[in-house]
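See structure below.
What follows is calculated from the coordinates using simple rules that are stated; it is not laboratory data. These numbers come from a predicted model, not from an experiment.
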Amino acid sequence: MDAREGTLLITSQMFTLLDRIPRYVYTRPVSLFHGSTVGQHFRHILEFYTCLLEGSSADYVNYGCRKRNEAISEDPCVAKGILESVTTAIQTLDTSRTVKVQSEFSEMDDEHPIYMSSIGRELQYAFDHAVHHLAIIRMGLEAHFPEVPVDPDLGVAPSTLKHRRTQEAVEADS
């Protein structure tokens with residue numbers, strides 16, 4: 001599986017979850033999130049992908065300059081629309097193409113180093129970032145909205161899933 005296929009896998013998980021989340025759950029502040037919402041986490045994930053896609057055409061990505069579209073965090077249908085656009089756009093990207101990525105390590109620092117990367121590496125970064133935020137979303141849903149069904153593998157890194165399955169196979173053979 002490459003970065004494009006991994007992205008399509010994670011976006012599929014996100015579509016499934018968005019279909020299961022009622023709007024009141026999507027927009028309700030969650031104490032475990034210090035008052036932010038499931039929708040705000042989805043917005044954050046999607047804006048990394050849209051930032052990458054927009055920057056890929058200019059060969060320059062700056063994740064710190066995201067648009068922060070509040071409509072994504074307020075309406076799961078808007079999130080699904082953006083997710084659909086991301087899914088479509090990902091399929092045509094040349095993952096080997098190089099791109100400059102501007103970094104930001106501190107709010108106090110005026111220096112913003114630029115690093116060379118590739119579209120494939122940045123898709124990997126966005127994938128890992130999405131897994132991390134989906135894990136947070138999953139914890140919030142399980143703690144505050146147990147009526148929403150959540151896939152037990154949501155927000156779990158592929159290496160962890162592989163390890164778990166290997167351990168289960170070993171235990172089954174014992």
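Summing -39500 (n - 2.57) over the DSSP H runs of n ≥ 4 in the chain and dividing by its residue number, what mean residue ellipticity at 222 nm do you reach, to the nearest 500 deg cm²/dmol? Can you show the working numbers first?
On the way: 7 runs with 104 residues, N = 174.
Dividing the helical sum by the residues of the chain leaves -19500 deg cm²/dmol.
Pairwise over distinct Cα atoms, reciprocal of the mean inverse distance: report the Kirkwood radius of the range 3-173 in Å, one decimal place. Let's see the in-between values first.
Values: mean 1/r = 0.0585 Å⁻¹.
17.1 Å is the Kirkwood radius here.
Which of the helices in the chain, when you take each full DSSP H run, stretch at least 15 Å along the axis at their Cα atoms and have an average Kyte-Doolittle score of 1.0 or higher?
Values: long enough: 3-20 (26 Å, 0.19); 38-56 (27 Å, 0.17); 76-90 (21 Å, 1.05); 119-144 (37 Å, 0.12); 158-173 (23 Å, -1.39).
Result, helices passing both filters: 76-90.
Leaving out same-chain residues fewer than 8 places away, which lysines sit with a Cα under 30 Å from that of K100?
K67, K80
Rounded to the nearest 5, what is the percent of antiparallel bridges among the DSSP beta bridges in the chain? Write down the numbers at each step before the final one.
Numbers: 5 of 8 bridges.
If we restrict to bridges inside the chain, about 60 percent are antiparallel.
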